[in-house]
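Down below is the structure, laid out as structure tokens.
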Amino acid sequence: MVLEILTPEKKLYSGEASMVKLPGISGWFEILNNHAPLISALGKGTMEVKTSSGKKNFSITGGFVECLNNKVIVCAEGGTAE
């Protein structure tokens, strides 16, 4: 699936991913390839992204995620790559 992680300041990540683990406001959840359409609010925490080259972590302070047609867009209020 295609993943984009955006903040108001910059694009943190854009590329392929096989799994994204996100801090939802009611708990953690994962998005895998061919996931059903979804929009969800995010809380503060560390996102985990699995790619073909390994695992990447991104610290976010909240925001929203949209998953549609095997594309995931994370709009984070603030964040950094770890």
- List pairs: first in the stretch 37-51 and under 9 Å from V65 (Cβ atoms), second among the charged types (D, E, K, R) and open to solvent by 30 Å² or more (accessible area, probe 1.4 Å), Cβ under 6 Å, 6+ apart or cross-chain? I39/E66
- Considering only strands (runs of 3 or more DSSP E) wholly within the chain, the ones with at least 1 residues that are polar (S, T, N, Q) are 11-16, 38-51, 54-68, 79-81
- Report the residue count in the stretch 19-39 for those that are open to solvent by 30 Å² or more (accessible area, probe 1.4 Å) and either within 15 Å of I5 (Cβ to Cβ) or touching a His at 6+ places or on another chain (Cβ under 9 Å) (or both). 1
- Quickly run through the stretch 24-64 and pick out the residues that are within 9 Å of the chain's Cα centre (by Cα) and closer than 17 Å to A81 by Cα. M47, E48, V49, F58
- Scope the stretch 65-82; condition open to solvent by 50 Å² or more (accessible area, probe 1.4 Å), closer than 14 Å to E9 by Cα and over 9 Å from the mean Cα position of the chain (by Cα); matching residues: E77, T80, A81
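The values are calculated or read from the model by the stated rules, or taken from the named source; none is laboratory data. Computed from a predicted structure; not experimentally measured. Every residue, glycine among them, receives a Cβ derived from its backbone with ideal geometry; neighbour counts consider all protein chains shown. Quick note on the areas: whole protein, heavy atoms, side chains included, nothing else; ligands and nucleic acids left out. Shrake-Rupley method; radii C 1.70, N 1.55, O 1.52, S 1.80 Å.
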